Amino acid sequence: MKLATKIIIALIVGAITGLLLNIFAPNVFKVLDPYLFTPLGQIFLNLIKMLVVPIVFFSITLGVAGLGDPKKLGRIGVKTITYFLLTTTFAIIIGISLALLIKPGAFG
């Protein structure tokens, strides 16, 4: 089975589980949240933080290094790293701004 199919199946199963818990046992969430949902969510977010930036950085670095000609590498390498740093900076600014504005995870 392809990875994309597994991801879509897991997404559908998660949505159905959430809906069933909300419809048939709304009080169970309060019991399961501190022991199951919150720890799993934190682990997932920490794994994403730990993997995404190094993967993007190394894929760009290896792509630039694979050009071969050192003269081309200088101009294109500097442009690529500059572009990567600028887009990452803008993404961080947008992410932090939206987090401060929306306050995800805040109840009430």
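All of the numbers you see were taken from the coordinates with simple rules; none came from a lab. This is a predicted model, so every value here is computed, not measured. Please note: Cβ atoms are built from the backbone with ideal geometry, for glycine as well, and neighbour counts cover all protein chains shown.
Some observations on this one:
- Estimated [θ] at 222 nm from DSSP helical runs (n ≥ 4, -39500 (n - 2.57)) normalised by residues in the chain, nearest 500: -28500 deg cm²/dmol
- Rounded FRET efficiency, nearest 0.05, which uses the C-beta distance separating R75 from I55 and R0 of 22 Å: 0.35
- Degrees between helix 3-24 axis and first principal axis of the chain (Cα, 0 to 90, nearest 10): 30 degrees
- Förster radius 35 Å - calculated FRET efficiency between L19 and Q42 (Cβ-Cβ, nearest 0.05): 0.90
- For the listed residue pairs K2/K79; K6/K79; K2/K103; K6/K49; K79/K103, the alpha carbons are over 29 angstrom apart in K2/K79; K6/K79; K2/K103; K79/K103.
- For the chain, a crude dipole built from +1 on the beta carbon of Lys and Arg and -1 on the beta carbon of Asp and Glu, taken about the Cα centre, is about 340 debye to the nearest 20.
- Each of V13, G74, S59 was scored by the projection of its Cα onto the charge dipole of the chain, and the greatest displacement toward the positive side belongs to G74; charges sit on the C-beta of Lys, Arg, Asp and Glu.
- Loop-located chymotrypsin sites (Phe, Trp or Tyr not before Pro) in region 2-51 (DSSP state not H, G, I, E or B) with no more than 10 neighbouring Cβ atoms inside 10 Å do not occur.
- Neighbour-limited loop hits for chymotrypsin sites (Phe, Trp or Tyr not before Pro), region 77-108 (at most 16 other Cβ within 10 Å; DSSP other than H, G, I, E, B): F107
- Of (1) 214; (2) 136; (3) 100, the label for volume of the Cα convex hull per residue in Å³ derived from the coordinates: (2)
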